[in-house]
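Structure record follows, encoded as structure tokens.
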Amino acid sequence: MMSIAYNILLAAAALVLGPYYGAKMLFSGKYRNSIGPKLGFTPAETFDAMEGTPRIWVHAVSVGEVTAAAPIVASLRQLFPGACIVLSTSTETGQEMARKFVRSATALFYYPLDIPCVIRKTLDRVAPDVFVAVETEIWPNFIRLCGQRGIGIALVNGRISPRSFRGYGRTKFFWEAFFNRIDQIGAISETDAARLQKLGVESSRVRVLGNAKYDGLAASVSDELRDETSRRLNVSPDVPVLVAGSTHEGEESVVLSVYRELLKEFPGLLLIVVPRHVERSADVIAQARKAGFDDVIAFSDIQAGTGRKTQRVIIIDVIGELFKVYGLATAVFCGGSLVPRGGQNILEAAAWGKVVLYGPSMEDFQDEREALERVGAGITVRNRGEMLDALVQLMRHPDLLSEAGERARAMVAANTGASRRHAELIRSVLER
């Protein structure tokens, strides 16, 4: 009965939302590359390349989940050198990120929409022995059909944000059955494990294994990568840089205002803004020019060799550059936090040894926030004034800034090893 009710609601949602997403594809081009594969029209050669045993399907929704999936896939490849390990994503940005950073996968493709006929077709072609969801991605039809086929299911790097916990909690009667169809769950923290158990997951199915994102980030930091990024952006290594990463609408205006004030004391300071959604880049460039910064340039123009040779503000308008750009930072503000979006991944900057500023809305990254604040490398700023004051104090004391940043780097390094534990959990499901 639950499945019938769910599919009725799914059909109703498709009727209501279909025109909206159709218009998005028509006028913005968004979803245009992924909609066909999500409906089951993935090129045959993608599946022809899927050779090896066991067959492990890992799913990472978007960019953040891919960051966690990459080291887990690498650990699985060490455990199963001859395995067929495939990775799916739901978003086009996630797919692009996976193509750049998940080198150990046999094949990459888009995750199917939760439509039974599409799922059956995809399961027939992938034929997985185990399905692995990264973080918390539960699609009822998919979970049900995997269960009918005897496919093992694992959830790794599992996290339940406060918002998700409230949402699942309101409809616990529905989700409890699907959560308990998952054979094993590797949770990031005791808090996440407790939330899962409150949602009805049997305690025997949940293990606390840590956050695999630490592994991928710690392994990716290098002087060579930083130097390469410096050359690509035409930024001298001795230039102080303020990086505003993963910014959302409403945050860039604050950053630009703070930056204007900082220039009075630190006239050589460069600003790099990385919008959370690259399709907003043109709007952010327009904001910067309206704020009086004529010497603003998009990263794509730097790559193409067009525009000014010198710049005051750089807007990153391509996917997959944020982590690299953090390596150039003197100071960092991480967005999605001054506006109520729950925050973004502050570990990326911490892995480079950077002190990170963020707003009060960090509900989705509370554990990471607490870890950084314990070592004195995370600072909450509630408004423009607090951001300005914090940045002025940090930049006036470069030695203290460097020491705090090194504590952040050490904290990330100390928390590595989770990806291997999650891979071992997946192996236990395969061997059940």
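The values are calculated or read from the model by the stated rules, or taken from the named source; none is laboratory data. What you see is a predicted model; the values in this text were computed from it and never measured. Neighbour counts are summed over all protein chains in view; Cβ atoms, including those assigned to glycine, are modelled from backbone coordinates with ideal geometry. Calculation scope for accessible area: heavy atoms of the full protein, side chains included, ligands and nucleic acids excluded. Shrake-Rupley method; radii C 1.70, N 1.55, O 1.52, S 1.80 Å.
Residue 213: which lysines have alpha carbons under 20 Å from its alpha carbon, excluding same-chain residues fewer than 8 sequence positions away? Within the straight-line limit of under 20 Å, residue 213 reaches these lysines: 100, 324, 354. Full extension of the chain segment joining residue 30 with residue 265 gains 80.4 nm, where the gain is 0.36 nm per residue of separation less the Cα-Cα distance. Of the peptides 374-383, 391-400, 237-246, 126-135, the order by per-residue mean of other Cβ atoms within 10 Å, starting with the highest, comes out as 126-135, 237-246, 374-383, 391-400. Per residue, the accessible area of the chain comes to 43 Å², computed with a 1.4 Å probe over protein heavy atoms only.
Between the helical axis of 63-79 and the longest alpha-carbon principal axis of the chain there is an angle of about 60 degrees.
Output the 0 to 90 degree angle, nearest 10, between the alpha-carbon long axis of helix 92-101 and the longest principal axis computed from the alpha carbons of the chain. The angle comes out near 80 degrees. If R0 is 22 Å, the Cβ-Cβ spacing of residue 44 and residue 129 corresponds to a FRET efficiency of close to 0.55. Expressed as a whole percentage, what fraction of the accessible surface of the chain belongs to carbon and sulfur atoms when a 1.4 Å probe is rolled over the protein heavy atoms? Here it works out to 54 percent. The spacing between region 120-137 and region 141-174, judged by their C-alpha centroids, is 14 Å. About the centre of its Cα atoms, region 1-136 shows a dipole size close to 240 debye [charges on the beta carbon of Lys, Arg (+1) and Asp, Glu (-1) only; nearest 20 debye].
Order the peptides 266-277, 330-341 from the highest to the lowest mean number of other Cβ atoms within 10 Å of their residues.
The densest-packed peptide leads the list: 330-341, 266-277.
Using a ≥ b ≥ c from the Cα gyration tensor of region 320-420 (square roots of the eigenvalues), is it rounded, prolate or oblate, where a/c under 1.5 gives rounded and otherwise the larger of a/b and b/c decides, a/b for prolate? Oblate shape, in that a/c is at least 1.5 and b/c is the bigger or equal ratio. Among 56-69, 33-46, the peptide with the highest mean count of other Cβ atoms within 10 Å heads the list, and the full ranking is 56-69, 33-46. Each residue, residue 291 and residue 397, gets one label point 7 Å from its Cα in the Cβ direction; the gap between the two is 2.6 nm.
Note: relative contact order over the chain, using C-alpha pairs below 8 Å and six or more positions apart, is 14 percent.
Against the longest alpha carbon principal axis of the chain, how many degrees, from 0 to 90 and to the nearest 10, is the axis of helix 398-414 turned? It works out to around 10 degrees.
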